[in-house]
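See below for the structure under consideration.
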Amino acid sequence: DNTSSSSQVEPFDNDGDAISFVTQNHQTEPMFGTTFWCHVIPSKIMDQWRMASQPSVPNTLSLPPVNPFLPTCFELKNLPVEDVVELGTVEDHLEDATFLKLEDDNTFPPIPPASSEARLPNLIVDSQILKLWHLQDRKFKRPIADLRLKFVATNANISPLHRACADLYVMLCQDSSTETTYQASVCELEFVGSANDAGFHLRAYGFDHKLLCLAEKMISIYLSFRLPSETN
C-alpha cells in the first residue's frame, strides 16, 4: 500500500541529503484516498528558483544590427511637366477622321494619340560599356522601382559546357548571397539572376529607397568570382 511503499522510497534534496517523510504526519486526499505529505522546500532551492526566474543577460547577447535595406523614404518622384497637359482625343489630333469610316457604317477602333517623349523610355547613359534607359511609372503611383540589367557575355553560350558553367555560376552567386537576399526580402526587396543566350540577366525590384544598395551589393558578388590569375 501507500504506507509501506513510502517507507522504502526516500527522495533527496539538492545536496543529496535524504528527506524523510515517514516521520511527518501524513494526510489523505479526500477524493481518491491517496496519502501525501507536505514538506517545506529548502531555502537553497528557493534561492535557485528565484535566480532562474530572473536570468541575467550575457554580454555576448545583443540585438542584431539594423537591416541595411530597411526603407525610410516613401515619397514619389515628380512627373515631367509634359504630363500635366491633357493628350486629348483622337479627333483633336487628326484634322480629318472621315477615313476611319468603312462600308456599312463600320469604323476602325479609335487610334490613341502618339505618346509624348516624356512617356517613352529615356536613354540617360549611352557609352560603349553601358546603355541605360529610364521610364517613370504613371499608373500604380507607388514608391516601387524595377531595375533590370543585361550583361552581354559572348562566350556564355558557345557550347553546352559553357552554358552549363554559366548556370552553375548563377547558382554559386545565389548561394553566396543568401544572407543578403534574405535581409532584402524582409524589406520587400527582391533580386533575381539568370543565364540566357546573350549572357546574364539581373533584376532587382521593390522599394526604390534602398534598391540601388541591393543592386550594388549583388553586382559586387557577381563580379567577385574571378580566376586566381585575375584577382590582381
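Quick grid of which residues meet (1) over 30 Å from Leu79 (Cβ atoms); (2) in a helix (DSSP H, G or I):
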residue: Arg138; (1), (2): no, no
residue: Ala184; (1), (2): no, yes
residue: Val192; (1), (2): no, no
residue: Phe200; (1), (2): yes, no
residue: Arg203; (1), (2): no, no
residue: Gly206; (1), (2): no, no
residue: Leu212; (1), (2): no, yes
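Mind counting the residues in region 37-55 that are at pLDDT 85 or above and in contact with a strand residue (DSSP E or B) (Cβ under 8 Å, 6 or more places away or on another chain)? Qualifying residue count, region 37-55: 0. So if I check each of Thr60, Thr72, which one is at pLDDT 90 or above, within 30 Å of Leu214 (Cα to Cα) and surrounded by fewer than 10 Cβ atoms within 10 Å (Cβ to Cβ)? Testing whether each residue is at pLDDT 90 or above, within 30 Å of Leu214 (Cα to Cα) and surrounded by fewer than 10 Cβ atoms within 10 Å (Cβ to Cβ) leaves just Thr72.
The values are calculated or read from the model by the stated rules, or taken from the named source; none is laboratory data. Predicted model, so just to flag it, every value in this text is computed and none were measured. Note that each Cβ is placed from the backbone with ideal geometry, even for glycine, and that neighbours are counted across all protein chains shown.
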